[in-house]
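Notes to accompany the following structure.
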Amino acid sequence: MDPNIKRVNSLFPDEVLERVLSLITTHKDRSSISLVSRSWYNAERWSRRHVFIGNCYSVSPQIVANRFPNIRSVTIKGKPRFSDFNLVPDDWGADVFPWLSVFATVYPFLEELRLKRMVVSDESLEFLATSFVGFRNLSLMSCDGFSTDGLKAVATHCKNLTELDIQENGIEDLGGHWLSCFPESLTSLEILNFASLNSEVSFDALEKLVSRCKSLRVLKVNRNISLDQLQKLLLHAPQLMELGTGTFMQELVSGPLTELKNAFSNCKNLVTLSGLWDATPLYLPVIYPACAHLTFLNLSYATLRSAELANLLAHCKSLRRLWLLDTVGDKGLEAVGSCCPLLEELRVFPADPFDQEMNLGVTEVGFISVSRGCPKLHYVLYFCRQMTNSAVVTIAKNCPDFTHFRLCIMTPGQPDYMTKEPMDEGFGAIVKTCTKLQRLAVSGLLTDGTFEYIGKYAKNLETLSVAFAGSSDLGMEYVLGGCPKLRKLEIRDCPFGNAALLSGLMKYESMRSLWMSACNVTMNGCRVLAKERPMLNVEVIKDEDSDDSQAHKVYVYRTVAGPRRDAPPFVLTL
């Protein structure tokens with residue numbers, strides 16, 4: 001052992017070291033600390049209260065339990081991200097119950113569980129609610145397999161609940177009765193989000209819950225909550241920091257518009273606003289008094305036009321994050337550039353991704369306007385139907401601090417619409433200029449030249465998403481031969497084959513995962529990879545009509561748990 005490390009260890013008794021380490025919260029820092037020495041490893045192990053598992057099959061529940069005996073909070077991610085695009089069969093796996101059954105034994109004081117793309121049954125939710133007496137926080141995002149009956153069990157049995165956050169799940173909505181199951185003694189709720197549910201809830205039960213939970217700071221309701229009902233909720237909870245409204249279309253019946261406006265005016269702490277379903281120019285001005293301190297405005301459910309957005313943004317001088325639909329057009333994005341100088345994140349979603357009319361939506365013109373007026377912009381997700389290399393070069397120059405750049409030209413293989421050239425130089429400018437880039441999604445007509453740029457210049461890139469791009473195996477080889485910090489590589493509908501796959505033999509064990517679908521990979525190529533790298537799980541998802549020699553969908557990930565035991569018949573682990 002290095003004598004300097006030995007001396008440091010002697011200066012810190014275990015109790016002191018554990019106390020110091022408890023103040024370090026990021027999982028990357030804590031993982032690094034555990035590598036310093038045996039005593040630091042043990043101190044980190046015993047003081048760890050939260051564990052993040054980026055792939056539920058990268059480790060087993062028992063291995064986690066043996067390593068960390070005092071966990072109070074767990075975050076688990078399950079299915080590959082391309083499951084969001086229906087590329088992963090529903091019964092692929094990622095069931096949370098095996099985790100819960102182990103946790104119930106080793107972590108009886110578990111307080112927090114955050115799940116993303118996991119399968120969560122009603123039985124699992126009831127088991128969770130009845131097995132952990134001090135359970136407080138539940139967040140489910142992009143999960144499936146459960147119904148509102150599972151939420152009923154959580155509401156009924158979790159007596160100290162502070163957070164129930166239900167986002168974008170494939171949930172069977174059996175009605176809003178679950179909200180009436182919170183006991184009248186519950187006053188601890190701080191976060192309640194059921195915006196993605198469809199059914200009507202008992203407003204009487206909701207109003208009583210909101211009125212007695214004085215520490216409630218996040219409330220996001222679904223679109224069935226009317227403006228009248230929203231006004232009543234705001235009167236009970238002026239302390240809210242984040243609000244997701246219901247519909248903004250139903251007429252007010254209980255009072256004049258000024259009363260709702262006053263209710264928003266009394267929300268002095270509001271920094272996040274979302275919802276605003278079906279917002280119309282008549283009712284949109286009621287939120288103006290609450291806009292001065294907003295840092296996040298989510299309008300991804302509001303089909304606003306450019307003039308409506310411009311009027312709204314004139315009151316939002318502190319925005320850091322903005323989500324929009326492309327109905328605002330380039331004129332709306334010009335307003336963003338004019339009104340939001342502090343903006344750091346912009347997401348523009350398509351209102352109708354299947355509408356092929358080119359005169360709708362946003363173009364490179366709006367993107368350039370934002371980049372000129374928002375120099376602090378570092379995160380962008382931008383759906384459009386046309387783009388040029390020169391525009392992307394300009395955007396990179398205007399915003400050199402991009403960490404996340406996801407440009408989605410919605411027509412696959414679309415070239416620079418002005419020059420008809422591939423989009424290589426545009427994305428090349430991004431990776432050359434934006435040296436802090438961590439996540440990149442590319443689109444449009446791309447040759448291997450784009451990937452040569454990425455491999456050479458994207459030194460901090462961690463996640464790369466590719467679709468309908470590349471000319472040959474060289475493209476993928478360039479990426480795997482460069483990008484020293486790459487952790488996730490997602491590829492679909494590209495001409496990459498076995499040579500490209502096997503070029504990453506030295507890379508995959510330092511990455512979290514590789515996804516390839518509709519490429520030119522064969523079963524033999526996957527078998528070679530599995531043989532050469534036994535620490536990897538190499539899984540092939542077979543379709544009913546697929547050629548037995550082809551590997552149509554390949555998922556590769558590092559694991560310390562070995563091949564998974566719950567793989568369905570159509571998942572072949574090599």
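The values are calculated or read from the model by the stated rules, or taken from the named source; none is laboratory data. Note that this is a predicted model, so its numbers are computed, not measured. Reconstructed Cβ throughout: ideal geometry from the backbone, glycine too, with neighbour counts over all protein chains shown. The area values use the complete protein model at the heavy-atom level, side chains included, leaving out ligands, DNA and RNA. Shrake-Rupley method; radii C 1.70, N 1.55, O 1.52, S 1.80 Å.
One table, with the values for the structure above:
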item	result
Subset of the range 344-383 that is open to solvent by 30 Å² or more (accessible area, probe 1.4 Å) and of a type in the set (S, T, N, Q) - its residue that is nearest to Leu464 (Cα to Cα)	Gln356
Which numbered condition Asp84 fails, given (1) outside any loop (DSSP other than H, G, I, E, B); (2) open to solvent by 60 Å² or more (accessible area, probe 1.4 Å); (3) at pLDDT below 95; (4) over 30 Å from Val218 (Cα atoms)	(4)
Any hit, the range 404-421, residues being open to solvent by 50 Å² or more (accessible area, probe 1.4 Å), more than 24 Å from Met511 (Cα to Cα) and aromatic (Phe, Trp, Tyr)	yes
Qualifying residues in the range 483-509 (those that are part of a helix (DSSP H, G or I) and touching a residue at least 40 places away in the same chain (Cβ under 8 Å)) - the one farthest from Ile409 (Cα to Cα)	Glu509
Filter pass, Ile430 being at pLDDT 95 or above, under 20 Å from Tyr57 (Cβ atoms), open to solvent by less than 10 Å² (accessible area, probe 1.4 Å) and among the β-branched types (Val, Ile, Thr)	no
Condition broken by Lys485, with the remaining ones in (1) crowded, with 18+ Cβ neighbours inside 10 Å; (2) closer than 25 Å to Val431 by Cβ satisfied	(1)
Single match in Val571, Val538, Val554 (criterion: among the aliphatic types (A, V, I, L, M), surrounded by 17 or more Cβ atoms within 10 Å (Cβ to Cβ) and touching a residue at least 60 places away in the same chain (Cβ under 8 Å))	Val571
Conditions (1) small (Gly, Ala, Ser); (2) under 19 Å from the mean Cα position of the chain (by Cα); (3) closer than 29 Å to Leu189 by Cα; number of the one not met by Ser83	(3)
For Ile76: the one exception among (1) assigned to a strand (DSSP E or B); (2) open to solvent by 50 Å² or more (accessible area, probe 1.4 Å)	(2)
Flag if Thr280 is at pLDDT below 95, surrounded by fewer than 19 Cβ atoms within 10 Å (Cβ to Cβ), among the hydroxyl-bearing types (Ser, Thr, Tyr) and farther than 19 Å from Ala237 by Cα	yes
Output for the range 441-468, where each listed residue is over 15 Å from Asp493 (Cα atoms) and among the aromatic types (Phe, Trp, Tyr)	Phe451, Tyr453, Tyr457
Per-region count, the range 541-550, residues surrounded by 11 or more Cβ atoms within 10 Å (Cβ to Cβ) and at pLDDT below 95	5
Sole exception among (1) out of contact with any helix residue (DSSP H, G or I) (no Cβ under 8 Å at 6 or more places or on another chain); (2) under 30 Å from Phe367 (Cβ atoms) for Lys331, by number	(1)
Which listed residue is at pLDDT below 95 and within 25 Å of Leu100 (Cβ to Cβ), from Ile191, Ile166, Ile171	Ile171
Candidate set from the range 286-306 (those that are open to solvent by 40 Å² or more (accessible area, probe 1.4 Å) and of a type outside the set (Gly, Ala, Ser)); member that is farthest from Met241 (Cα to Cα)	Arg305
Count of residues meeting criterion [of a type in the set (Gly, Ala, Ser), in a helix (DSSP H, G or I) and either farther than 14 Å from Asn520 by Cβ or open to solvent by 40 Å² or more (accessible area, probe 1.4 Å) (or both)] in the range 467-482	1
Output for the range 309-343, where each listed residue is of a type in the set (D, E, K, R) and open to solvent by 40 Å² or more (accessible area, probe 1.4 Å)	Lys317, Arg320, Arg321, Lys331, Glu334
Residue count, the range 149-208 (criterion: in a helix (DSSP H, G or I), open to solvent by less than 60 Å² (accessible area, probe 1.4 Å) and not polar (S, T, N, Q))	12
Helices (runs of 4 or more DSSP H) completely within the range 315-403 that count 2 or more residues being among the hydroxyl-bearing types (Ser, Thr, Tyr)	364-373, 389-398
Count of the range 256-270 residues which are part of a loop (DSSP other than H, G, I, E, B) and open to solvent by less than 40 Å² (accessible area, probe 1.4 Å)	2
Residue check, Trp323 out of contact with any helix residue (DSSP H, G or I) (no Cβ under 7 Å at 6 or more places or on another chain), modelled with pLDDT under 95, within 27 Å of Asn198 (Cβ to Cβ) and not acidic (Asp, Glu)	no
Selection status of Ser503, over 20 Å from Asp424 (Cβ atoms) and touching an Asp or Glu at 6+ places or on another chain (Cβ under 6 Å)	yes
